[in-house]
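What follows is a single structure, written as structure tokens, with notes after it.
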Amino acid sequence: MIFKMSMDLLMILIGVLILILGVLIGVAYLTLLERKVLGYIQIRKGPNKLGLVGILQPFSDAIKLFTKEQTYPSFSNYFSYYFSPVISFFLSLIIWMLIPYYFNMISFSLGVLFFLSCTSMGVYMVMIAGWSSNSNYALLGGLRAVAQTISYEVSLALIMMSSIVMIMDFNMMKFYDYQIIVWFLVIMFPLSLCWFSSSLAETNRTPFDFAEGESELVSGFNIEYSSGGFALIFLAEYSSILFMSLLFTLIFLGGYNMTLFFYLKLSLISFLFLWVRGTLPRYRYDKLMYLAWKSYLPVSLNFLLFYMSYKIFL
């Protein structure tokens, strides 16, 4: 009995390690895809020297970043400065546990609540990273990022509430059962657009990248980070982009099923994140906050009431 339990735990551990490895490789090649896409949008090639058409470039970047000398500001709060990127990266990886992979993994019956808890924790890491650097630029970037992320978490939670009302369950895997005939994208199209742009703001992507607005903030909350610390912040951001793409596919594009079509949908949504970066200019900061509180909040609340009445009278 004890042997069987230990074998089960070992298999879960191996499953988790495979998952983390898969996410890290996915993130590495997402960065390469981004550089290639931006290159072709700007009529140039992007990385194409290292390996076949630049396929080894992400590993070269990783080795370069993690072998550089770790520097830290003299007046920084060392422990919080050092550990906030690590915890940020850990949080972005732990959210991936939410998706059961049909082998040796934990199945979440309250996956939505777990997702909201983990994304809320990510805000603290940005705030601590900005504050502990003891730099004015980093603090300003951190404050802006926190205000932005909190604003868009409200609309994300309300949009998610509408989809939960449709399935009446907190388990992410139930979305597949309810979308066999018609995708939620069809019946919740305006909400899906709100969700996508809120995801852009949540992951600090263009046109909402105020946390690292180079033109006015000199890179924002991560200005004092270099080498490994910067690489971990970078990995956390791209991991959350992949996860938000997965979540969009899960909620609006037919749910989770391990087919090639599912992965193609996931790749398309990830590509949209990169495409938006290449084509849209940065928003003005006050317009961004107005968008969250004056547009998305009323829209998502109205749709929530509509879907609740729809479920009651159905």
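The values are calculated or read from the model by the stated rules, or taken from the named source; none is laboratory data. Since the structure is predicted, the reported quantities are computational estimates derived from the model, not experimental observations. No Cβ is skipped: glycine too gets one built from the backbone with ideal geometry, and neighbour counts run over all protein chains shown.
Could you tell me which residue of the range 249-261 is nearest to residue 179 (Cα to Cα), considering only residues that are free of Cβ contacts under 8 Å to residues at least 60 places away in the same chain and in a helix (DSSP H, G or I)?
Going through the range 249-261, the residues free of Cβ contacts under 8 Å to residues at least 60 places away in the same chain turn out to be 249, 259-261.
After this cut, where a residue has to be in a helix (DSSP H, G or I) as well, the list is 249, 260-261.
Working: 249: 11, 260: 17, 261: 15 Å.
So the residue we want is 249.
Could you look through the range 39-58, keep only residues that are outside any loop (DSSP other than H, G, I, E, B) and crowded, with 16+ Cβ neighbours inside 10 Å, and pick out the one that is modelled with the lowest pLDDT?
54
Report yes if residue 28 is farther than 30 Å from residue 170 by Cα, aliphatic (A, V, I, L, M) and within 16 Å of the chain's Cα centre (by Cα), otherwise no. Working first, answer last.
Values: farther than 30 Å from residue 170 by Cα: yes; aliphatic (A, V, I, L, M): yes; within 16 Å of the chain's Cα centre (by Cα): yes.
Yes, satisfied.
Taking the options 246, 305, 272, 264, name whichever one is in a helix (DSSP H, G or I), at pLDDT 90 or above and under 17 Å from residue 98 (Cα atoms). I'd like the intermediate steps shown before the answer.
On the way: 305 fails: under 17 Å from residue 98 (Cα atoms); 272 fails: under 17 Å from residue 98 (Cα atoms); 264 fails: under 17 Å from residue 98 (Cα atoms).
Every option except 246 fails the conditions.
Would you confirm, using the coordinates I've provided, whether residue 18 is under 26 Å from residue 227 (Cα atoms), part of a helix (DSSP H, G or I) and either out of contact with any Asp or Glu (no Cβ under 6 Å at 6 or more places or on another chain) or not charged (D, E, K, R) (or both)? Spell out the reasoning first.
Numbers: under 26 Å from residue 227 (Cα atoms): yes; part of a helix (DSSP H, G or I): yes; either out of contact with any Asp or Glu (no Cβ under 6 Å at 6 or more places or on another chain) or not charged (D, E, K, R) (or both): yes.
Yes.
In the range 294-305, how many are touching a residue at least 24 places away in the same chain (Cβ under 8 Å) and either loosely packed, with under 14 Cβ neighbours inside 10 Å or of a type in the set (A, V, I, L, M) (or both)? Let's see the steps before the verdict.
If we filter the range 294-305 for residues that are touching a residue at least 24 places away in the same chain (Cβ under 8 Å), which is where we start, we get 296-297, 299-301, 303-304.
Subset that is either loosely packed, with under 14 Cβ neighbours inside 10 Å or of a type in the set (A, V, I, L, M) (or both): 297, 299, 301, 304.
Residues in the range 294-305 being touching a residue at least 24 places away in the same chain (Cβ under 8 Å) and either loosely packed, with under 14 Cβ neighbours inside 10 Å or of a type in the set (A, V, I, L, M) (or both): 4 in total.
Quick test for you: out of 120, 135, 74, 80, pick the one residue that is polar (S, T, N, Q) and touching a residue at least 60 places away in the same chain (Cβ under 8 Å).
Details: 120 fails: touching a residue at least 60 places away in the same chain (Cβ under 8 Å); 74 fails: touching a residue at least 60 places away in the same chain (Cβ under 8 Å); 80 fails: touching a residue at least 60 places away in the same chain (Cβ under 8 Å).
Exactly one of 120, 135, 74, 80 is polar (S, T, N, Q) and touching a residue at least 60 places away in the same chain (Cβ under 8 Å), namely 135.
Residue by residue through the range 94-128, note down the ones that are modelled with pLDDT under 85 and among the hydroxyl-bearing types (Ser, Thr, Tyr).
The answer is 101, 102, 107, 109.
Those residues that are over 19 Å from the mean Cα position of the chain (by Cα) and surrounded by fewer than 13 Cβ atoms within 10 Å (Cβ to Cβ), I need them from the range 262-289; list them, please.
Once the filter is applied, which keeps residues that are over 19 Å from the mean Cα position of the chain (by Cα) and surrounded by fewer than 13 Cβ atoms within 10 Å (Cβ to Cβ), the range 262-289 yields 279, 281, 284, 286, 287.
Which of the helices (runs of 4 or more DSSP H) found entirely inside the range 75-192 contain at least 1 residues meeting this: among the hydroxyl-bearing types (Ser, Thr, Tyr)?
Working: elements: 78-94, 111-132, 136-167, 174-178, 184-187.
Here the list reads 78-94, 111-132, 136-167, 174-178.
For the range 228-259, which residues satisfy the criterion of being of a type in the set (Gly, Ala, Ser) and more than 12 Å from the chain's Cα centre (by Cα)?
The answer is 228, 229, 231, 254, 255.
Output the number of the condition that residue 249 fails; it satisfies all remaining conditions of (1) of a type in the set (S, T, N, Q); (2) within 25 Å of residue 124 (Cα to Cα); (3) in contact with a helix residue (DSSP H, G or I) (Cβ under 8 Å, 6 or more places away or on another chain).
(2)
Among the numbered criteria (1) part of a helix (DSSP H, G or I); (2) within 16 Å of the chain's Cα centre (by Cα); (3) surrounded by fewer than 19 Cβ atoms within 10 Å (Cβ to Cβ); (4) not aromatic (Phe, Trp, Tyr), which single criterion is violated by residue 207?
(1)
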